[in-house]
Amino acid sequence: MRWTASLLLGAAALAGCSANATNPKDAENTEARRSGNQPQQDSTRLEMPPYPSPETWQHASERQRQRAARSFEQLKRRKVPVYQGPLMVEDDEEATLQSPQDVARRTLVLWAVELRAEGVAQEETLAIINRLDLWGSVSPEEERFLRDPDPDSEECERLVWRLESISVLLWALGYIDRLEWPNRMTDGAKIAKILAPREDNPEFITGAKLRSKAEILDAQDLMMRTHWAIRDALLHRGGMIPEDLDWSQDEDWIPVTMSAAVGIVEQRHYVLNWLVKFLDPEDWDHVDTPT
């Protein structure tokens, strides 16, 4: 059966479609590979980095200051480096969320893409799109991929990471209770258990409801700051990060380009920016994740 095959593939697929691929292939990793620089450990990594005071941010609303403070509270537990200047997501009154129905549709589209990337038969993944008439929610790049009878293996390796985006959307829709610290890859079996019985049920879309805007903005703020720390490590800290994204530990440091946690953070930041319509992207293919 398809679900059994998919779940067996899940753990290996998140590490990439080939045995040698263990991390996402994005622009940041490509830049690091091309640089030829060997990562060096940071001898000062155990020191608590300085944290700015949101109360001094003149152009931030009180909600933005409090949101940043909540993120800092989580990041300080792990001594995560943070940007020293004012950095914030949109205020609650300014942010506009995707509709619950569009979030549910995007979840199913990503589910079809992820399954196809794992190697599930094309006719079965296209059926997920066709049964609930989801083509209007499929991006141009996704349609090209789904209609390709023989997709490129490297693209498959990249797209299996969409499972991390799916988990965020299921959290936003209330099917997952909380987003844990992004140091462990999503349990594919858990995602399949939620979506398998719903992928052809129109009520998954028509009855969709979202968490509060405040919760979603909190998650976006935390991921933006965590993503900044990763990029800062790549550019200014010898390219080394703790495997569990816990800077307070003096062990298990690895190159950014070898970290599964990097892929998790990238996917979460991407999908959360889509959720709040950050910079009003043209479609799913054009979401930006500046830090």
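The values are calculated or read from the model by the stated rules, or taken from the named source; none is laboratory data. Computed from a prediction, not measured in an experiment: that's the story for all the values here. No Cβ is skipped: glycine too gets one built from the backbone with ideal geometry, and neighbour counts run over all protein chains shown.
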Problem set entry | From Glu215, Glu157, residue being in a helix (DSSP H, G or I), crowded, with 18+ Cβ neighbours inside 10 Å and modelled with pLDDT of 95 or more | Glu157
Exercise. For segment 195-206, what are the residues that are assigned to a loop (DSSP other than H, G, I, E, B) and surrounded by 12 or more Cβ atoms within 10 Å (Cβ to Cβ)?
Worked result: Ala196, Arg198, Glu199, Asp200, Asn201, Pro202
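Residue-by-condition table, conditions (1) farther than 29 Å from Lys76 by Cβ; (2) part of a loop (DSSP other than H, G, I, E, B):
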position	(1), (2)
Glu180	no, yes
Lys193	yes, no
Ala208	yes, yes
Ala233	no, no
Asp250	no, yes
Exercise. Of these, Asp288, Asp221, Asp250, which one is in contact (Cβ under 8 Å) with a residue 24 or more places away in the chain and surrounded by fewer than 19 Cβ atoms within 10 Å (Cβ to Cβ)?
Worked result: Asp250
Problem set entry | Sole residue being at positive phi and either in contact (Cβ under 8 Å) with a residue 40 or more places away in the chain or buried (at least 17 other Cβ atoms within 10 Å of the Cβ) (or both), chosen from Gly119, Gly174 | Gly119
Seminar exercise, completed: Expected output for segment 82-104 (first residue without any contact (Cβ under 8 Å) to a residue 40 or more places away in the chain, partner not hydrophobic (A, V, I, L, M, F, W, C), Cβ below 6 Å, 6+ apart or cross-chain) is Gln84/Pro52; Asp91/Ser61; Asp91/Arg63; Asp91/Gln64
For this session: Output the number of residues of segment 84-110 satisfying the condition of being within 16 Å of Ser53 (Cβ to Cβ) and over 20 Å from the mean Cα position of the chain (by Cα).
Result: 3
